[in-house]
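Written out below as structure tokens is the structure these notes cover.
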Amino acid sequence: MVNESHVDKTGCTATGRAMRNRATLNLVGNVEQGASMNHITKQHREPSTPNISSGHYRLSEGVHVRRQNDEYFALCDYPLRVTKLPSTVAKLLTLCEEEHTCEELSTVLGLPVARVEALCDQLHEKSLLDAGPPQLVEAYLHVSIVIPSYNRAQELERCIRSLLTLNYPLNLLEIVVVDDASTDDTLQILCSLTSELAFQQITLRVIQHEQQRGVAVARNSGTQAASHEVIAYI
């Protein structure tokens with residue numbers, strides 16, 4: 001039995017490289033998820049700071065995605081380990097061979113942005129993805145969205161729900177709906193949406209005209225009621 005402390009560093013590194021290449025070429029199908037090959041000794045390496053744009057992700061240095069027998073694996077050079085991957089995660093990592101945002105990955109994968117963000121965070125914690133610095137919320141402006149409406153209850157509800165999918169901090173949005181004396185169930189729908197939006201930290205304000213005054217006046221009413229300097233009209 002050879003005492004590891006007396007093994008020449010050059011020989012140890014060469015052995016590690018040879019065994020790593022062997023692991024790459026001869027993956028077995030029953031590798032357990034997260035299995036680690038800790039018996040291979042490698043010299044200590046200081047982690048490098050990736051040069052990645054804010055809000056972007058990229059495959060970590062030394063991580064390789066391989067497929068064998070309809071299964072996917074992540075091979076990591078340091079620390080040397082093999083991790084079994086679900087097909088969706090394998091595709092995400094493959095895409096991240098080039099730098100991407102979660103929004104770009106969401107479009108290609110057909111997944112909600114929130115789901116992709118959660119996956120990227122988990123893979124970053126497992127050192128499979130490098131991440132750029134987080135985007136500062138202070139860079140975003142508070143926005144009031146003014147929506148005039150008259151007897152379009154169903155369309156109004158769809159419009160408001162579509163705002164929840166915006167790639168924007170929802171807590172910085174204020175929705176101002178001006179009901180131009182509607183006679184349908186507009187107010188009932190707005191009441192049901194108020195608590196739902198409050199749970200997501202979105203302010204919904206409702207201005208009601210006693211008589212129909214037209215879209216121009218409705219927009220002016222919404223502008224006067226808005227709390228923020230930046231106003232968007234729908």
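Just so you know, all these numbers are worked out from the coordinates, no wet-lab data involved. Remember, it's a predicted structure, so these values are computed and weren't measured experimentally. Neighbour counts run over all protein chains shown; Cβ positions are idealised from the backbone, glycine included.
Summary table
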quantity	calculated
The range 158-212 pair-distance distribution - Cα-Cα, 10 Å bins, rounded %	22, 54, 21, 3
All-pairs Cα distance distribution in the range 111-198, expressed in whole percent, bin size 5 Å	3, 11, 18, 18, 14, 11, 9, 7, 5, 3, 1, 0
9 Å beta-carbon shell around S149, net charge (K/R +1, D/E -1)	-2
Label-reachable residues, the range 218-234, where backbone N falls under 18 Å from a point 7 Å from V113's Cα toward its Cβ	232
Dipole in debye (nearest 20) - the range 137-233, about Cα centre, beta carbon charges: Lys, Arg +1; Asp, Glu -1	140 debye
Full-extension gain in nm, E71 to N220, via 0.36 nm per residue minus C-alpha separation	47.7 nm
Contour excess over end-to-end distance, with Cα ends at T88 and Q154 and 0.36 nm allotted per residue	20.2 nm
